[in-house]
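A.B. asks: Below is a structure I'd like to ask you about.
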């Protein structure tokens with residue numbers, strides 16, 4: 001029996017790259033998969049070719065079960081219908097892998113309002129909307145005495161955790177996803193749901209052109225971690241962000257309370273500088289933003 005035998009999954013942005021690799025690995029491990037892909041270009045523009053059906057065919061060739069879905073995951077109604085498709089087609093939902101996204105890289109002062117809105121929408125709202133509707137289903141199931149061992153795997157990024165020059169909007173969205181992961185894990189545990197995030201490193205359409213990708217890992221290198229997090233076995237792991245780079249997995253340690261001073265009263269403005277400099281000297285040195293010259 002495979003790790004995910006009989007479990008039902010949605011993978012967003014699964015037509016290409018990392019999402020495609022996730023969908024195929026979940027299917028190899030026995031999951032029935034809703035393969036979502038809106039079919040857009042790297043910049044989020046309409047693409048005549050929808051790759052979701054091709055991935056469904058690959059899964060069926062492996063002996064698995066899958067259906068295609070073309071929802072815009074940042075559209076609240078379409079996200080709800082996608083969750084319902086999984087329930088209607090396969091009889092339920094156990095796994096949500098939020099992966100869909102695109103980039104419009106610009107330095108901060110060159111970023112347009114439209115570019116900001118588009119990237120924040122697809123990444124941040126595109127995680128929220130499917131999670132909101134899946135979460136409502138799992139809450140209802142739990143209240144009816146049918147608690148599912150539900151798993152959510154979100155997709156953050158090193159850009160969201162350490163920052164990345166030329167990617168202000170993308171970094172902000174991915175940081176928001178990490179924060180959403182922590183809160184969702186705390187809120188949804190009572191319904192049998194774990195919520196984690198990965199920060200994958202891979203050579204994809206999204207990274208090509210932005211970085212030298214010649215030595216970067218393959219998209220498939222990330223998917224075994226996702227498959228395990230999607231399993232019943234992973235029920236004790238939640239609220240975590242895991243960076244994956246080839247054969248290396250790293251548990252990210254985000255914002256934590258560091259050194260502190262308590263004046264016992266309201267601070268005087270003239271006192272703040274020296275106190276804050278002392279705290280900075282005592283605290284850990286932040287990792288540099290990606291792209292900052294050494």
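The values are calculated or read from the model by the stated rules, or taken from the named source; none is laboratory data. The shown structure was predicted, so the numbers you read here are calculated from the model rather than taken from an experiment. Ideal geometry is used to build each Cβ from the backbone, glycine not excepted, and the neighbour counts take in all protein chains shown.
A.B. asks: Among the residues of the stretch 233-251, which ones are touching a helix residue (DSSP H, G or I) at 6+ places or on another chain (Cβ under 6 Å), assigned to a loop (DSSP other than H, G, I, E, B) and either farther than 24 Å from residue 29 by Cα or modelled with pLDDT of 95 or more (or both)?
C.D. replies: Once the filter is applied, which keeps residues that are touching a helix residue (DSSP H, G or I) at 6+ places or on another chain (Cβ under 6 Å), assigned to a loop (DSSP other than H, G, I, E, B) and either farther than 24 Å from residue 29 by Cα or modelled with pLDDT of 95 or more (or both), the stretch 233-251 yields 238, 239.
A.B. asks: If we scan the stretch 223-233, do we find a residue that is more than 17 Å from the chain's Cα centre (by Cα) and either on the phi > 0 side of the Ramachandran plot or without any contact (Cβ under 8 Å) to a residue 60 or more places away in the chain (or both)?
C.D. replies: The answer is no, given that none of the residues of the stretch 223-233 is more than 17 Å from the chain's Cα centre (by Cα) and either on the phi > 0 side of the Ramachandran plot or without any contact (Cβ under 8 Å) to a residue 60 or more places away in the chain (or both).
A.B. asks: Examine the stretch 113-123 for a residue that is modelled with pLDDT of 95 or more, in contact with a helix residue (DSSP H, G or I) (Cβ under 9 Å, 6 or more places away or on another chain), crowded, with 18+ Cβ neighbours inside 10 Å and within 18 Å of residue 7 (Cα to Cα), and state whether such a residue exists.
C.D. replies: Within the stretch 113-123 (the criterion being modelled with pLDDT of 95 or more, in contact with a helix residue (DSSP H, G or I) (Cβ under 9 Å, 6 or more places away or on another chain), crowded, with 18+ Cβ neighbours inside 10 Å and within 18 Å of residue 7 (Cα to Cα)), the answer is no, since none of the residues qualifies.
A.B. asks: Within the stretch 172-195, can you find the residues that are crowded, with 24+ Cβ neighbours inside 10 Å and farther than 13 Å from residue 254 by Cβ?
C.D. replies: Correct list: 173, 184, 193, 195.
A.B. asks: Tell me which residues, restricted to the stretch 142-157, are surrounded by 19 or more Cβ atoms within 10 Å (Cβ to Cβ) and either farther than 18 Å from residue 231 by Cα or modelled with pLDDT under 95 (or both).
C.D. replies: If the condition is that a residue be surrounded by 19 or more Cβ atoms within 10 Å (Cβ to Cβ) and either farther than 18 Å from residue 231 by Cα or modelled with pLDDT under 95 (or both), then 156, 157 are the ones that fit.
A.B. asks: Which number in (1) at pLDDT 95 or above; (2) surrounded by fewer than 12 Cβ atoms within 10 Å (Cβ to Cβ) marks the one condition that residue 214 misses?
C.D. replies: Going through the list (1) at pLDDT 95 or above; (2) surrounded by fewer than 12 Cβ atoms within 10 Å (Cβ to Cβ), residue 214 breaks only (1).
A.B. asks: OK, next. Please go through the stretch 88-112 and pick out each residue that is touching a strand residue (DSSP E or B) at 6+ places or on another chain (Cβ under 8 Å) and over 28 Å from residue 168 (Cβ atoms).
C.D. replies: Selection gives 89, 90, 91, 92, 93, 94, 95.
A.B. asks: Being touching a helix residue (DSSP H, G or I) at 6+ places or on another chain (Cβ under 7 Å) and surrounded by fewer than 18 Cβ atoms within 10 Å (Cβ to Cβ) narrows it down to one of 108, 131, so name that one.
C.D. replies: Working: 131 fails: surrounded by fewer than 18 Cβ atoms within 10 Å (Cβ to Cβ).
From the options 108, 131, the qualifying one is 108.
A.B. asks: Being free of Cβ contacts under 8 Å to residues at least 40 places away in the same chain, surrounded by fewer than 24 Cβ atoms within 10 Å (Cβ to Cβ) and not in a strand (DSSP E or B), is that true of even one residue in the stretch 158-166?
C.D. replies: Checking the stretch 158-166: not a single residue is free of Cβ contacts under 8 Å to residues at least 40 places away in the same chain, surrounded by fewer than 24 Cβ atoms within 10 Å (Cβ to Cβ) and not in a strand (DSSP E or B).
A.B. asks: Listed residues 267, 228; which is in contact with a helix residue (DSSP H, G or I) (Cβ under 8 Å, 6 or more places away or on another chain), part of a loop (DSSP other than H, G, I, E, B) and modelled with pLDDT of 95 or more?
C.D. replies: After ruling out the rest, the residue left standing is 267.
A.B. asks: Among 15, 70, 19, 63, which is the only one that is closer than 27 Å to residue 192 by Cα and either crowded, with 18+ Cβ neighbours inside 10 Å or at pLDDT 95 or above (or both)?
C.D. replies: From the options 15, 70, 19, 63, the qualifying one is 19.
A.B. asks: If you don't mind, there's one more thing I want to ask. Here is a list of conditions, (1) touching a helix residue (DSSP H, G or I) at 6+ places or on another chain (Cβ under 6 Å); (2) assigned to a loop (DSSP other than H, G, I, E, B); (3) modelled with pLDDT of 95 or more, and residue 34 meets all of them except one; can you say which number that is?
C.D. replies: The one condition residue 34 does not meet is (2).
A.B. asks: So, one more: Among the residues of the stretch 216-225, which ones are more than 22 Å from residue 6 (Cβ to Cβ) and not in a loop (DSSP other than H, G, I, E, B)?
C.D. replies: Within the stretch 216-225, 219, 220, 221, 222 meet the criteria.
A.B. asks: Within the stretch 45-60, can you find the residues that are surrounded by fewer than 18 Cβ atoms within 10 Å (Cβ to Cβ), touching a strand residue (DSSP E or B) at 6+ places or on another chain (Cβ under 6 Å) and modelled with pLDDT of 95 or more?
C.D. replies: Result: 53, single match.
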